[in-house]
Amino acid sequence: MERMRKKYGKRFLFLLLFLGIYLFTFLSFSVKAEEERGEVYYKYYTSIRIEEGDTLWGLAREYGNEACQSVPSYIQEVKKMNHLTDDRIHAGRYLTVFYYSREVK
């Protein structure tokens, strides 16, 4: 019984070591590939108060980043996040929007 435990214990440790090396290598190459492209953006969320005259299109141009997402797809995601069924937004209400930044906040 003790012999089997040692045998499987060594295999388990070998498997853990192999997985650790594999994950480290994979993550290193992923980060390096993003850095080589030169533009790494982080996605953040915020709540804004809608002002008179605001439109989803205008908010998409203000908060969106065309390098990461087109204006129409930005609008669709904001509508989905806020459970909007059409493009109408009303002054005085709050809306959750997202934006991209190169800074880690």
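Estimated at the nearest 10 Å², the accessible area of Val40 is 40 Å² with a 1.4 Å probe. Applied to the range 77-83, the Karplus parametrisation 6.51 cos²θ - 1.76 cosθ + 1.60 on θ = phi - 60° returns per-residue 3J(HN,Hα) values of 5, 5, 4, 5, 4, 9, 6 Hz, with x for Gly and Pro. Taking every protein chain into account, the 1.4 Å probe leaves Glu103 with about 120 Å² of accessible area, to the nearest ten. Phi angles across the range 48-64 convert, under the Karplus curve 6.51 cos²θ - 1.76 cosθ + 1.60 with θ = phi - 60°, into 3J(HN,Hα) values of 10, 8, 6, 9, 4, x, 5, 10, 4, 4, x, 5, 5, 5, 6, 9, x Hz, Gly and Pro given as x.
Counting heavy atoms of the protein chains alone, Glu51 has an accessible area of about 90 Å² for a 1.4 Å probe.
For the range 43-105, the solvent-accessible area works out to 69 Å² per residue, with a probe of 1.4 Å and every protein chain left in place. Ordering His90, His83 by accessible surface, largest first, gives His83, His90; the 1.4 Å probe counts only protein heavy atoms, with every chain in place.
The values are calculated or read from the model by the stated rules, or taken from the named source; none is laboratory data. Just so it is clear, the structure is predicted and the values come from calculations on it, not from any experiment. These area figures cover heavy atoms from the full protein model, side chains too; ligands, DNA and RNA do not enter into them. Shrake-Rupley method; radii C 1.70, N 1.55, O 1.52, S 1.80 Å.
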